[in-house]
1. Do we have any residue at all in the stretch 126-134 that's surrounded by fewer than 19 Cβ atoms within 10 Å (Cβ to Cβ) and among the charged types (D, E, K, R)?
2. Applying the selection to the stretch 216-249, what residues are part of a loop (DSSP other than H, G, I, E, B), open to solvent by less than 50 Å² (accessible area, probe 1.4 Å) and of a type in the set (S, T, N, Q)?
3. Out of the residues in the stretch 138-154 that are among the aliphatic types (A, V, I, L, M) and modelled with pLDDT of 90 or more, state the one that is surrounded by the fewest Cβ atoms within 10 Å (Cβ to Cβ).
4. Considering every residue within the stretch 155-176, establish whether at least one is modelled with pLDDT under 95, in a loop (DSSP other than H, G, I, E, B) and among the basic types (Lys, Arg).
5. What number of residues in the stretch 155-185 are farther than 19 Å from Asn238 by Cβ and under 23 Å from the mean Cα position of the chain (by Cα)?
6. Quick check: anything in the stretch 25-40 assigned to a helix (DSSP H, G or I) and among the charged types (D, E, K, R)?
7. For the stretch 14-31, how many residues are open to solvent by 10 Å² or more (accessible area, probe 1.4 Å) and either polar (S, T, N, Q) or out of contact with any strand residue (DSSP E or B) (no Cβ under 8 Å at 6 or more places or on another chain) (or both)?
Amino acid sequence: MKSFNTIYFVGLSKNCFHTLESNLSFIRNLQQYTEETINTVVVDSDSNDGTKEFCRSLELDWNNFKFIEEDGLEIYLKTRIEKISHCRNVGIQNIKKDEDLIYIPLDMDINLFEHTSPEEFADLINYFINLDNTDGLFPFSFPFYYDIFALRKNGWVNGNNVLLAHNLKSRFKIGSFIFNYFYVFRKQIKNKGFKNELIKVESAFGGIGFYKLIKNKNYLYKVHEQDPNFYSEHIFFNKKFNKLYIKKD
């Protein structure tokens, strides 16, 4: 079993001060519950709600915290997904590449730790580190797994259902909500609908995820060239991993 003694939380922010503050407070408190070294990186884009000032102040008294500002991306990046993918890559390029580590990407506009405690989350990290034959682990979102945009699972969501529903709605205006139901909402199965503790997927993301990154490998996000708005950057990133799971509880 490989040794994963370093953890990197890498979060994206834009005008989400209150949830970001809550998430960072949780992560900072987490260090006392685990022996692994915890590092945190926040990549911000054009916030004007106090996020920048708050993160700059954290850098002064939090040794393992780094704040990166990526402003003005709309000048040369056209879509939201292109901007997000760029910021995720900036974050991942600011983690150590010469050792095996746990990479935890975050969306800071969600109160990610609302349903857990630092002790429970530290136990989850240790569980993941010691889980053989697992490259990535995602939470099952409450009350059901909502991020259909990033999800791929054989027999559940095989392709881009969001894009399919969008194309059908553009052709048939009357009753277009029906397409959302059949191609998106009906696919969102409650966790009790699965028998196994770990649900094997090809791709997933629900605001947070765990990955085991192997040293000296190139891990980067990218976007779909024809339809960047309809293909999550996680779809392509997750192709670099063979064994990804959603944890049901």
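The values are calculated or read from the model by the stated rules, or taken from the named source; none is laboratory data. Please read all numbers here as calculations on a predicted model, not as lab measurements. In this analysis, Cβ positions are derived from the backbone assuming ideal geometry, glycine residues included, and neighbour counts consider all displayed protein chains. When the accessible area is computed, the model is the full protein with side chains, heavy atoms only, and any ligands, DNA or RNA have been set aside. Shrake-Rupley method; radii C 1.70, N 1.55, O 1.52, S 1.80 Å.
1. Yes, the conditions are met somewhere in the stretch 126-134.
2. Hit for the stretch 216-249 is Ser232, nothing else.
3. Looking at residues that are among the aliphatic types (A, V, I, L, M) and modelled with pLDDT of 90 or more, I get Ala150.
4. yes
5. The qualifying residues number 3.
6. Yes, the stretch 25-40 contains at least one residue that is assigned to a helix (DSSP H, G or I) and among the charged types (D, E, K, R).
7. Within the stretch 14-31, residues that are open to solvent by 10 Å² or more (accessible area, probe 1.4 Å) and either polar (S, T, N, Q) or out of contact with any strand residue (DSSP E or B) (no Cβ under 8 Å at 6 or more places or on another chain) (or both) number 11.
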